[in-house]
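Accompanying notes for the structure given below.
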Amino acid sequence: MKTVILKMDENNIDMKLVKVAANFIKNGGIVAFPTETVYGLGANARDVDAINNIFKAKGRPSDNPLIVHVSSVGEVNGIVDEIPNVAKKLMDNFWPGPLTIIMKKKNDIPNETTANLNTVGVRYPSDKVANCFIKECQCPIAAPSANISGKPSPTNGQHVIDDLNGKVDCIITANDSEVGLESTVIDVTVEPPMILRPGGITKEQIEKVIGKVDIDKTINQKPEKNLKPKAPGMKYKHYAPNGQVIIVNGKLENVVEKINQEVEKYLKDGKRVGILATKQTQKYYNYKNVDIILLGDRELPETLASRLFGALRKFDEDNIEIIFAEAVLSSGVGLAVMNRMLKASGFNIIEV
Ligand code: TXA
Ligand code: MG
């Protein structure tokens, strides 16, 4: 399949290009587009054939529901049966933005879109290009992240081209994704509401607005047979580079010491090694033949979030076999960062 690639500028959006992309959707096609979290792969949420093509292009398991994206709060009425009061508060405070709200779906949202669930996740992205594109499509856009299933989600246009060129009708490339991790997913059909996937909007921020919420306890735990995550997608191996990620957790000076010991061991074995360093620790890693990527500042987990997936993809490009990561504090956006790192590592964590 020939993929049309449209390069856009978020500060000067060319409506002619937006129309080209929207026409693919109107004609039953699938289009990748930027959002503030990660790039998405979109189709008309009510077009069953197009939805099936998304699953094919990604190699996505069919029991994993898609998030439906809108370009205004008003559109939600056409997608869900009823908007609970807590959802209204969440929309008022966090939309447009990186928050997906799960509600009871209307019958005309096909089962293919929601993987046979009677609920649907809805999100209103803040990204300007996303907003323009969805508006022009004149329909809700079902979109998973625009990566091959299992790979780290794409945070820039090149990542999408690497994964999906030749497999989709059109790819819109524009700015890098600002948040860099997928949206927070919250289920408001249960009482109290439950966070199923941590992301850019934190538990702390949400509780300030709607009071106590639960968090799916399985998300940062090694998967067990009888303990299934509530968001189907959270049970899959995810975000994984080709190399083995190993997380080291403990007091920071011990973490650095352990990583240095391990790196030397693997180098002796002739392995290609990478380190995800932070501002606080970078100076303690001194190697010429190790891929050292500076993620960001441990005190500002948003900086770690925005670079994590790009770093994992860079290690793949460099054929890195073993990747060391420092555990981060599981509060604020740190919870989401730690969640993606744990999944990328297959829960491979050394305690020191
Ligand atoms: O930031 C994002 O959410 C990005 C951008 C493109 O918007 N999208 C994204 O979609 O991450 P995806 O398909 O990669 O992840 C959606 C997650 C999956 O874990 C899925 O199982 C869960 O949300 N999910 C979707 N609908 C659900 C529902 N009705 N009930 C429970 N979990 C749901
Ligand atoms: Mg995904």
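The values are calculated or read from the model by the stated rules, or taken from the named source; none is laboratory data. Remember, it's a predicted structure, so these values are computed and weren't measured experimentally. In this analysis, Cβ positions are derived from the backbone assuming ideal geometry, glycine residues included, and neighbour counts consider all displayed protein chains. Heavy atoms of the whole protein, side chains included, go into the accessibility calculation; ligands, DNA and RNA do not. Shrake-Rupley method; radii C 1.70, N 1.55, O 1.52, S 1.80 Å.
Evaluating F324 against the criteria (1) more than 24 Å from the chain's Cα centre (by Cα); (2) not in a helix (DSSP H, G or I) leaves one unmet condition, (1).
When P96 is tested against (1) in contact with a Phe, Trp or Tyr (Cβ under 9 Å, 6 or more places away or on another chain); (2) within 12 Å of ligand 1 (Cβ to nearest atom); (3) in contact (Cβ under 8 Å) with a residue 40 or more places away in the chain, just one condition goes unmet, and that condition is (3).
Does region 101-108 include one or more residues that are under 18 Å from the mean Cα position of the chain (by Cα) and at pLDDT 95 or above? Within region 101-108 (the criterion being under 18 Å from the mean Cα position of the chain (by Cα) and at pLDDT 95 or above), the answer is yes, since at least one residue qualifies.
Here F33 does not qualify as closer than 16 Å to Q138 by Cα, of a type in the set (F, W, Y) and away from ligand 2 (no atom under 16 Å from the Cβ).
Annotation: of all residues in region 5-53 being more than 15 Å from ligand 1 (Cβ to nearest atom) and either among the acidic types (D, E) or on the phi > 0 side of the Ramachandran plot (or both), the one that is surrounded by the most Cβ atoms within 10 Å (Cβ to Cβ) is D47.
K56 fulfils the conditions (1) buried (at least 21 other Cβ atoms within 10 Å of the Cβ); (2) away from ligand 2 (no atom under 15 Å from the Cβ) except for a single criterion, (1).
Right, I161: within 13 Å of ligand 1 (Cβ to nearest atom) and farther than 22 Å from G346 by Cβ or not? For I161, the condition - within 13 Å of ligand 1 (Cβ to nearest atom) and farther than 22 Å from G346 by Cβ - is not met.
Any residue at all in region 322-345 that is touching a strand residue (DSSP E or B) at 6+ places or on another chain (Cβ under 9 Å) and open to solvent by 40 Å² or more (accessible area, probe 1.4 Å)? No - not one qualifying residue is present in region 322-345.
Taking every residue in region 175-200 that is under 25 Å from E82 (Cβ atoms) and pairing it with any residue that is open to solvent by 30 Å² or more (accessible area, probe 1.4 Å) and among the acidic types (D, E), at least 6 positions away or on another chain, the pairs with Cβ-Cβ distances below 8 Å are V190/D214; P192/D214; P193/D214; M194/D214; I195/D214. Considering the conditions (1) open to solvent by less than 30 Å² (accessible area, probe 1.4 Å); (2) within 16 Å of ligand 2 (Cβ to nearest atom); (3) in a loop (DSSP other than H, G, I, E, B), T218 is excluded by exactly one of them, (2). For region 109-129, a residue qualifies if it is within 25 Å of I172 (Cα to Cα), of a type in the set (G, A, S) and surrounded by fewer than 24 Cβ atoms within 10 Å (Cβ to Cβ), and exactly one does: S126. Checking each residue in region 223-282 for being within 25 Å of N147 (Cα to Cα), part of a helix (DSSP H, G or I) and either at pLDDT 95 or above or out of contact with any Ser or Thr (no Cβ under 9 Å at 6 or more places or on another chain) (or both) picks out P232, G233. Summed over region 76-98, the residues that are part of a helix (DSSP H, G or I) and surrounded by 18 or more Cβ atoms within 10 Å (Cβ to Cβ) give a count of 6. Count of region 14-53 residues, restricted to those that are under 19 Å from L117 (Cα atoms) and either within 16 Å of the chain's Cα centre (by Cα) or of a type in the set (G, A, S) (or both), is 3. When the residues of region 130-153 are filtered to those that are in contact with a helix residue (DSSP H, G or I) (Cβ under 7 Å, 6 or more places away or on another chain), open to solvent by 10 Å² or more (accessible area, probe 1.4 Å) and over 21 Å from N27 (Cα atoms), the one that is nearest to ligand 1 (Cβ to nearest atom) is S149. Scanning region 192-215 for residues that are open to solvent by 30 Å² or more (accessible area, probe 1.4 Å) and within 14 Å of the chain's Cα centre (by Cα) gives a single hit, R197. The single condition among (1) closer than 23 Å to G150 by Cα; (2) exposed (fewer than 15 other Cβ atoms within 10 Å of the Cβ); (3) of a type in the set (K, R) that R307 does not meet is (2). Return the residue satisfying two criteria in turn: it lies in region 59-75 and is among the β-branched types (V, I, T) and more than 22 Å from K235 (Cα to Cα), and of such residues it is least open to solvent (accessible area, probe 1.4 Å). Within region 59-75, the match that is least open to solvent (accessible area, probe 1.4 Å) is V70.
Just so you know, in region 162-191 the residues that are open to solvent by 40 Å² or more (accessible area, probe 1.4 Å) and away from ligand 2 (no atom under 16 Å from the Cβ) include one that is nearest to N339 (Cα to Cα), and it is E178.
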